[in-house]
1. Using DSSP to define loop residues, name the chymotrypsin sites (Phe, Trp or Tyr not before Pro) in segment 63-171 whose beta-carbon has at most 15 other beta-carbon atoms within 10 Å.
2. In degrees from 0 to 90, rounded to the nearest 10, what is the angle of the helix 39-66 Cα long axis to the longest principal axis of the chain?
3. How much net charge surrounds GLY31 when only other residues with a Cβ under 14 Å from its Cβ are counted (Lys, Arg +1; Asp, Glu -1)?
4. Quick check: from the Cα gyration tensor, does segment 1-67 come out rounded (a/c under 1.5), prolate or oblate?
5. Quick check: with the 1.4 Å probe, what order do MET89, MET102 take by accessible area, largest first?
6. Using Cα atoms only, what is the angle between the long axis of helix 150-173 and the major principal axis of the chain, expressed in degrees (0 to 90) to the nearest 10?
7. Is the C-alpha gyration tensor of segment 64-174 telling us rounded, prolate or oblate? Criteria: a/c under 1.5 is rounded; beyond that, a/b larger than b/c is prolate, otherwise oblate.
8. Quick one: if you stick a label point 7 Å off each Cα along the C-beta vector at ILE137 and CYS21, how many nm between them?
Amino acid sequence: AMAGNTAALNIEMMVNTGSSCFHHTAISFTGQLYGGRAFERMKMFIFYCICLSEVVVMTMALTALYFGPQLMLLFTKEPVVVDWGMQRMRAIFVFYFTHGFMQVFSGTMRGIGKSFAAFIIVLFCACVFRILWILFIFPHFHTLGGLLSCFPASWLLVATVSGIYLKIIFKKEL
C-alpha cells in the first residue's frame, strides 16, 4: 500500500504543478490589479483564472488517471503496487477540480493582502479538518478511500470558506 501511494503521489505532484501555477498567477495578477484599483478587471481575471485552472487541472488529472497504470510502471513493475496506486489516483483525481478553486481563491486572498486570513483558513479547513477526519470519520470508513477522501473534502472546505470570505471582502472594500 505504501509503495503504491508513494508512486501515485509522485504522479499527483505533476498534476499539482498545474494547479499551483494558477495559485501563483492569482497572487501576481490580483496584486497588480488590486494595487492599480482595477477592481472590475480583477474580478474578471479571477473568473478567467478559475476557468483556465479547471481546464488545465482536470485535463492533467483525467489524463493521468487514464494513463495511470502505464505511469505507475515508471515506478514499479509489481501489479499489487500498481493497484494500490490506482486506488489513490481514483480517490483523488476525480475531485481535483476542487483543488483548482482552492488554489485560485487562496492566491487571490494573498494577492489582495489578506495573507493571514488565507493562512488561518488553510490551517483550520485543511490541517485541523484532516486531523478531525482521521479521528472521527475514518474509523467508520476504515479503507484507503475513506482515508484519502479527507483531501478533496478539505479542498472543498477551503475553497468554500475562501470564496465566502472573498465575497464579503469584495462587498466591503471594493
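The values are calculated or read from the model by the stated rules, or taken from the named source; none is laboratory data. Note that this is a predicted model, so its numbers are computed, not measured. With ideal geometry, Cβ positions are generated from the backbone for all residues, glycine too; neighbour counts draw on all protein chains shown. Areas reflect the complete protein model, heavy atoms only, side chains present, ligands, DNA and RNA absent. Shrake-Rupley method; radii C 1.70, N 1.55, O 1.52, S 1.80 Å.
1. Counting only loop positions with at most 15 other Cβ atoms within 10 Å, the chymotrypsin sites (Phe, Trp or Tyr not before Pro) in segment 63-171 are PHE67, PHE141.
2. Tilt relative to the chain: about 10 degrees.
3. Details: positive: ARG37, ARG41, ARG110, LYS114; negative: none.
Cβ neighbours under 14 Å give a net charge of +4.
4. Values: a/c = 5.62, a/b = 2.62, b/c = 2.15.
It is prolate, given that a/c is not under 1.5 and a/b is the larger ratio.
5. Working: MET89 5, MET102 25 Å².
Ranking MET89, MET102 by accessible area, largest first, yields MET102, MET89.
6. 0
7. Numbers: a/c = 3.35, a/b = 1.89, b/c = 1.78.
Prolate is the answer for segment 64-174, as a/c is 1.5 or above and a/b outweighs b/c.
8. Distance between the two pseudo-spin positions: 3.1 nm.
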